[in-house]
Structure formats: C-alpha cells, structure tokens
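**Student:** Have a look at the structure that comes next, please.
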C-alpha cells in the first residue's frame, strides 16, 4: 500500500514537473543550454553520467536519495535500487499489473533490463519506464511516468545511457 501511494505521488509530481517551462536549477549540475541535440549530464550524487536533451538540468529527486533530470520532453529519476524495487522483469510485470498495462515491452540489457508500458488513467494516457542497471558494482533504478510518448522515449534513452 505504501509503495502504491509513493508511486502515485511521484507520478503526479513528475507529470506536473513536465510543464515547468523555467526548468529547475540543480545542485548536481546541469547540461549546457541550447537548441536540439543531446548532451551528457553529470549525476555527481550517484557518480554517474547520462545522456539527455540539451538544456536538461539535474537536481535532487523529490522523493528519496536519488536525482531527477528535467529537460525538453524529459523527466526521469535515478537512484540506488532499494530492496523494494523489482529485481527481475517478472517481478516488474507483477508490479505493473496494478496499472492495467498496455503495449508492454521489455528489453534485456547487458547489465540489467528495461520495461515500458502505458495505461489510461483518470487524467488521460500515462507512459511508464522502469529500468534496472548494475553499473560499477552498484544497482540503479531509473524510472518515469510521463504524459506523452516522446517523454517516455527520452526517459528510456537516458536510463539506457547511464555510465560511470
């Protein structure tokens, strides 16, 4: 129950955060401003880097000890994976069942897995990304719930680009 409440609150925050035209400054670092293209952002708090659209900024995650990247068509959170996070795709599918997922896709990665799906909620379509990665001896959880497919694609790309 607690996990469901947290996911719902985080999802609501992320959906509202996607509409922030000003962006948010971050204590973790930010990408250079500019038009289209991608850049690499530093996730200093986690000792990682990620690829994100130009103009993206990194800040502390609104919930937990991780970070959030916000940018053009992107909001994603990254954290050390806790014991409550799904360890396998099968566990992630079971967790996703509460959302009545549609168009679920999974992908095996060299160091983990990625899953995307969508659902229709009371406020319209939701696009989910759940990624688990083992990098440099640590396990990371990267996720978002977004309001459009472009945000979902950008979040998946950012999660898959994580590196030391």
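Taken together, the values in this text are just the output of simple stated rules run on the coordinates, not laboratory data. Here the structure is a predicted model, which means the values were calculated and not measured. Glycine gets a Cβ as well: all are built from the backbone with ideal geometry, and neighbour counts include every protein chain shown.
**Student:** Can you sort 68, 123 from fewest to most other Cβ atoms within 10 Å of each residue's own Cβ?
**Tutor:** 123, 68
**Student:** Sort 78, 69, 63 so the one with the fewest other Cβ atoms within 10 Å of its own Cβ comes first.
**Tutor:** Listed from fewest to most nearby Cβ atoms, that is 63, 78, 69.
**Student:** To make sure I understand, if each residue's beta carbon is the centre and we count other beta carbons within 10 Å, what order do 122, 54, 82, 59 fall in, fewest to most?
**Tutor:** Final ranking by Cβ density, sparse to dense: 122, 82, 54, 59.
**Student:** Rule-of-thumb check for the range 30-164: C-alpha Rg over 2.2 N^0.38 Å?
**Tutor:** Output field value: 1.00.
**Student:** Still on this model: Give me the distance between the Cα centres of the range 97-123 and the range 38-88, rounded to whole Å.
**Tutor:** After rounding, the separation between the Cα centres reads 19 Å.
**Student:** Which peptide among 148-155, 109-116 comes first, and what is the full order, when sorted by highest mean count of other Cβ atoms within 10 Å?
**Tutor:** 148-155, 109-116
**Student:** Could you work out the equivalent-ellipsoid semi-axes for the range 94-143, taking the square root of 5 times each eigenvalue of the Cα gyration tensor, largest first, in whole Å?
**Tutor:** Computed over the range 94-143, the values are 25, 10, 8 Å.
**Student:** Given R₀ = 22 Å, FRET efficiency for residue 88-residue 65 by Cβ-Cβ distance, to 0.05?
**Tutor:** The value I calculate is 0.40.
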